[in-house]
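Here is the structure we will look at, set down as structure tokens.
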Number of protein chains: 2
Amino acid sequence: MAVDWNSAEGCRALDPADMLGRLLEFPAQFRPAYDAGRRLSLPAGYKHSRQVVVAGMGGSAIAGDYVAALLRDRCRVPVFVWRDYGLPAFAGPDTLVVASSYSGNTEETLSAFDRARRAGARIIALTTGGELGRRAEAAGYPVFKIDYQAPPRAALAYSLFPLLGILTALEVAPDLTAEVDEAGAVAAGLLETVRPERPEGSNPAKALARAAHGRVVVVYGGGSLEPVARRWKTQVNENSKGWAFFEALPELNHNAVVGFTYPPAARDTVLVIGLGSPGEAAELDARLEVTAELLRQAGHEPRILAARGNSRLARMMHLTVLGDWFSYYLALLNGVDPTPVPPIDFLKAELARRREGPSPA
Amino acid sequence: MAVDWNSAEGCRALDPADMLGRLLEFPAQFRPAYDAGRRLSLPAGYKHSRQVVVAGMGGSAIAGDYVAALLRDRCRVPVFVWRDYGLPAFAGPDTLVVASSYSGNTEETLSAFDRARRAGARIIALTTGGELGRRAEAAGYPVFKIDYQAPPRAALAYSLFPLLGILTALEVAPDLTAEVDEAGAVAAGLLETVRPERPEGSNPAKALARAAHGRVVVVYGGGSLEPVARRWKTQVNENSKGWAFFEALPELNHNAVVGFTYPPAARDTVLVIGLGSPGEAAELDARLEVTAELLRQAGHEPRILAARGNSRLARMMHLTVLGDWFSYYLALLNGVDPTPVPPIDFLKAELARRREGPSPA
């Protein structure tokens, strides 16, 4: 490792943009962001929507996954997450479309916004500004203005909690204040055991990063933890610059478990991390345990983690924080700065170049 | 390799249950299965549902993904796929729930069926029989009876095309006869180039299996090809007994592309296969090309495939057939029988044992 990860100063040698600071700020943002969402001024006609569609990509879209998973057994309105250009054909005047883009310049989300306008949908924009902010304001739609400078993935509190607040205000979601507060407290409590000053022996995020170093990371989670497993995967991709995948329980019991044998080299190159929420759903607990047993039979050493907290939201955020720190330390072990994402910059430039065609000689 | 894969007899040495026969029969099943779905007798009250929920797991659930992807820009009714116990809270009397389980004994699907009954939903069962068939018949719900003996994943034509036929009958989907016929013709045509008699040099399924042998398989697909990428992944898991994952475009451009660097060993242990549908969506074409370029910059050699056919359904089924044969030949290269799935048998037995508790001493 290129740095001393046992002090903030040591970490910042590889982290000049201070992702560490973003990780430390995160838990304190939950409640203010939720309250701000509840206060957003919305047209009365936005209540009683037939469906909610969260249109966004990456760190914006995953907030929709968290909301859908959190509310799936207590919300009478279907919540869809749409990660693409345009919108599904069912979106119409009775659909609430939340167009969510941190920068406001995500081309898929702008396309979704334009389609939502043409469909006459009820639209809310969630953004720091950019083109989405301009278009939404010009057309008179409500805009939740994110006022936080960070890479989009580090602004998860501002894609997730305002969305929850908005849905509470629209009576799609119940009052979640107590859950949000517990989630903030649990996440803040976890900070004490994952911060740089805690050495590897008593720091679960560092220990897990050590186990994952040199391996492809595969994260399993079911029910409310499926989007959390996805978050781990994307954080390893973006922060650690590493290969990672996620799979959902119970679905993975119907296919992935058959595939633990080949190639044999996977025993040395894949690490499976299982996210559990003991007591929340007995079937998922049992399935995670038996899946771990199957992995061990195939020569793997899976790491099984247990979410802490009383409420579902607290458990989700507990493991979210652990995953964020895990991906941060894995970046340091890989010797890379967690903040820049050069392939995404290349991709945007290359797509723009192709759209404009060859430049004149 | 343990067998001569250039003849059907050679293949069957490792394939005593004749998965080969199932692969050869597949294309001829599309149209009859679609027509049978259209003929299912349904209560008049099943029309004008607010949502369609396809409840199932594995090879049953993926039929719902295919339907949702196929119809997403021409269907005014949202189609949800539910891979879990129970049902989302929004399911009610105006929801059409298709409970789909080949065996009829999938515990998640039985749980969904029971929940749908309690919610007063409109229910259709799609099954060979089993407990689901019994419960649905006893309660007077329509049952589409699958009359085909095969491992569930090899019965995809019977989870997918009857579902399409049912949705056509309910006017959720348009008349798809022409697309179904073209899909059958394209799939049958592809058989000629992937069957055992075609040697590796002129057989794309064998050539791809050779490239994937010894590697973790990662499949990318966007839009209508996202469920096809998932199908490839599950077929590698179950037929080839190998590690495999899928990711969706354009979402993977927002995270996965940053993760091509670590661990460096992934260059020798991961193969990325990109599924393209040239001309269907210009943005996805461009994104797949630039993604391949990023992989090459990171030292990978991705394989980019192009779907053939005029209609979307034909293109989906073209690549589905190619993936099925690819996974079959990869099983032979791995020296394993493609049909048995011992980990799933172990899992079912172990879950049953835990539910019953320790046996008396």
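The values are calculated or read from the model by the stated rules, or taken from the named source; none is laboratory data. Nothing here was measured: the structure is a model prediction, and the numbers come from that model. All Cβ positions, even for glycine, are placed from backbone atoms using ideal geometry, and neighbour counts span all protein chains on display.
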Worksheet item: Of all residues in the stretch A:306-315, which are surrounded by fewer than 22 Cβ atoms within 10 Å (Cβ to Cβ) and either touching a strand residue (DSSP E or B) at 6+ places or on another chain (Cβ under 8 Å) or within 14 Å of A:Trp232 (Cα to Cα) (or both)?
Response: A:Ala306
Discussion item. On the basis of being within 29 Å of A:Ala183 (Cβ to Cβ), aromatic (Phe, Trp, Tyr) and either facing chain B (nearest Cβ under 10 Å) or within 24 Å of the chain's Cα centre (by Cα) (or both), does A:Tyr46 make the cut?
Written reply: no
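Here's the yes/no breakdown for (1) at negative phi; (2) part of a helix (DSSP H, G or I); (3) at pLDDT 95 or above; (4) crowded, with 20+ Cβ neighbours inside 10 Å:
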residue	(1), (2), (3), (4)
B:Met317	yes, yes, yes, yes
B:Val321	yes, yes, yes, yes
B:Phe326	yes, yes, yes, yes
B:Pro343	yes, yes, yes, yes
B:Arg354	yes, yes, no, no
B:Pro360	yes, no, no, no
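Condition check ((1) surrounded by 21 or more Cβ atoms within 10 Å (Cβ to Cβ); (2) assigned to a helix (DSSP H, G or I); (3) out of contact with any His (no Cβ under 7 Å at 6 or more places or on another chain); (4) within 14 Å of chain A (Cβ to nearest Cβ)) across all residues:
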site: B:Leu110; (1), (2), (3), (4): no, yes, yes, yes
site: B:Leu126; (1), (2), (3), (4): yes, no, yes, no
site: B:Ala150; (1), (2), (3), (4): yes, no, yes, no
site: B:Ile166; (1), (2), (3), (4): yes, yes, yes, no
site: B:Val172; (1), (2), (3), (4): yes, no, yes, yes
site: B:Ala183; (1), (2), (3), (4): yes, yes, yes, no
Item to complete: Select from the stretch A:295-340 the residues that are within 18 Å of the chain's Cα centre (by Cα) and of a type in the set (Val, Ile, Thr) and list them in ascending order.
Response: A:Thr320, A:Val321, A:Thr339
Item to complete: Take the stretch A:152-164 and flag every residue that is in contact with a strand residue (DSSP E or B) (Cβ under 8 Å, 6 or more places away or on another chain) and either part of a loop (DSSP other than H, G, I, E, B) or closer than 22 Å to A:Ala44 by Cβ (or both).
Response: A:Pro162, A:Leu163
Worksheet item: Mind checking whether some residue in the stretch A:138-145 is free of Cβ contacts under 8 Å to residues at least 12 places away in the same chain and within 21 Å of A:Ala99 (Cβ to Cβ)?
Response: yes
Practice prompt. Could you list, in sequence order, all residues of the stretch A:181-199 that are of a type in the set (D, E, K, R) and within 15 Å of A:Tyr328 (Cβ to Cβ)?
Written response: A:Arg195, A:Glu197, A:Arg198
Item to complete: Among residues belonging to the stretch A:260-277 that are facing chain B (nearest Cβ under 7 Å) and hydroxyl-bearing (Ser, Thr, Tyr), point out the one that is nearest to A:Leu319 (Cα to Cα).
Response: A:Thr269
Item to complete: Check B:Gly37 against each of (1) within 14 Å of another protein chain (Cβ to nearest Cβ); (2) crowded, with 17+ Cβ neighbours inside 10 Å; (3) not hydrophobic (A, V, I, L, M, F, W, C) and name the one condition it does not meet.
Response: (1)
Item to complete: Restrict the check to the stretch A:10-19 and report whether at least one residue is within 15 Å of A:Ala157 (Cβ to Cβ), modelled with pLDDT of 95 or more, crowded, with 20+ Cβ neighbours inside 10 Å and not hydrophobic (A, V, I, L, M, F, W, C).
Response: no
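Within the stretch A:289-301, identify whether any single residue is in contact with a helix residue (DSSP H, G or I) (Cβ under 7 Å, 6 or more places away or on another chain), among the hydroxyl-bearing types (Ser, Thr, Tyr) and away from every other protein chain (no Cβ under 13 Å), and answer yes or no.
no
Tell me the residue from A:Val218, A:Val228, A:Val257 that is closer than 21 Å to B:Thr269 by Cα and more than 7 Å from every other protein chain (Cβ to nearest Cβ), please.
Values: A:Val228 fails: closer than 21 Å to B:Thr269 by Cα; A:Val257 fails: more than 7 Å from every other protein chain (Cβ to nearest Cβ).
Of the residues listed, the single one that is closer than 21 Å to B:Thr269 by Cα and more than 7 Å from every other protein chain (Cβ to nearest Cβ) is A:Val218.
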Worksheet item: Can you name the condition, by its number, that A:Ala282 falls short on among (1) out of contact with any strand residue (DSSP E or B) (no Cβ under 9 Å at 6 or more places or on another chain); (2) modelled with pLDDT of 95 or more; (3) surrounded by fewer than 24 Cβ atoms within 10 Å (Cβ to Cβ)?
Response: (2)
Worksheet item: Among (1) in contact with a Gly (Cβ under 6 Å, 6 or more places away or on another chain); (2) of a type outside the set (Gly, Ala, Ser); (3) touching a residue at least 40 places away in the same chain (Cβ under 8 Å); (4) within 11 Å of another protein chain (Cβ to nearest Cβ), where does A:Val3 come up short?
Response: (4)
Worksheet item: Assuming B:Arg76 fulfils every condition listed in (1) within 30 Å of A:Pro93 (Cβ to Cβ); (2) touching an Asp or Glu at 6+ places or on another chain (Cβ under 6 Å) apart from one, which condition is it?
Response: (2)
Worksheet item: Of all residues in the stretch A:253-265, which are surrounded by fewer than 23 Cβ atoms within 10 Å (Cβ to Cβ) and touching a helix residue (DSSP H, G or I) at 6+ places or on another chain (Cβ under 8 Å)?
Response: A:Thr261, A:Pro263, A:Ala265
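For the stretch B:1-48, enumerate the residues that are under 19 Å from B:Tyr141 (Cα atoms), part of a helix (DSSP H, G or I) and of a type in the set (A, V, I, L, M, F, W, C).
Passing the criteria: B:Ala36, B:Ala44.
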